[in-house]
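Chemist: Can you read through this structure? Questions will come right after.
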Amino acid sequence: MFPVPALAQQIEREWASEIASFDVRPPEKVTTDCLPWLRFPAGVLRIELMDGSEVRFSYAFHVVSEVRRTIAVFTEHCGHHLYPYHEAKIYRDDVLVYEQV
């Protein structure tokens with residue numbers, strides 16, 4: 001298997017309980033083939049990181065884990081990504097939806 005799909009499946013497994021809370025599906029029902037069935041929100045998800053870097057995704061949702069100190073981004077077509085949450089800000093269509101202080 002190619003690295004990007006393999007990494008996406010690994011992140012889906014590791015974040016199954018958090019995805020389940022977003023999808024209202026029990027964690028045991030979250031499988032590596034469930035994400036195609038999720039409805040990915042239209043619009044732009046933008047994350048500003050503590051060093052001034054930022055990333056933008058269309059058709060994506062985020063999950064913040066205070067325990068993991070991580071922001072997970074799940075995209076419809078561009079894989080899944082993990083970012084540090086320290087001093088991060090998350091915007092949905094230019095509206096601030098999360099700020100870690």
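Chemist: Of all residues in segment 39-71, which are surrounded by 15 or more Cβ atoms within 10 Å (Cβ to Cβ), in a strand (DSSP E or B) and free of Cβ contacts under 8 Å to residues at least 40 places away in the same chain?
Modeler: Once the filter is applied, which keeps residues that are surrounded by 15 or more Cβ atoms within 10 Å (Cβ to Cβ), in a strand (DSSP E or B) and free of Cβ contacts under 8 Å to residues at least 40 places away in the same chain, segment 39-71 yields PHE57, ALA60, PHE61, HIS62, VAL64, THR70, ILE71.
Chemist: Here is a follow-up. Answer with yes or no whether PHE74 is more than 18 Å from PRO3 (Cα to Cα) and buried (at least 16 other Cβ atoms within 10 Å of the Cβ).
Modeler: Working: more than 18 Å from PRO3 (Cα to Cα): no; buried (at least 16 other Cβ atoms within 10 Å of the Cβ): yes.
Here the answer is no, as PHE74 does not meet what is asked.
Chemist: Also, I was wondering about something else. Kindly provide the set of residues from segment 72-95 that are without any contact (Cβ under 8 Å) to a residue 40 or more places away in the chain and over 23 Å from ARG39 (Cβ atoms), ordered by number.
Modeler: PRO84, TYR85, HIS86, GLU87
Here is a yes/no grid of residues against (1) at pLDDT below 95; (2) on the phi > 0 side of the Ramachandran plot; (3) out of contact with any Lys or Arg (no Cβ under 8 Å at 6 or more places or on another chain):
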| site | (1), (2), (3) |
| --- | --- |
| GLU12 | yes, no, yes |
| ASP23 | yes, no, yes |
| ARG39 | yes, no, yes |
| LEU49 | no, no, yes |
| ASP94 | no, yes, no |
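The values are calculated or read from the model by the stated rules, or taken from the named source; none is laboratory data. Owing to the predicted nature of the structure, the values given are computational and were not obtained by experimental measurement. We place every Cβ from the backbone using ideal geometry, glycine too, and count neighbours over all the protein chains shown.
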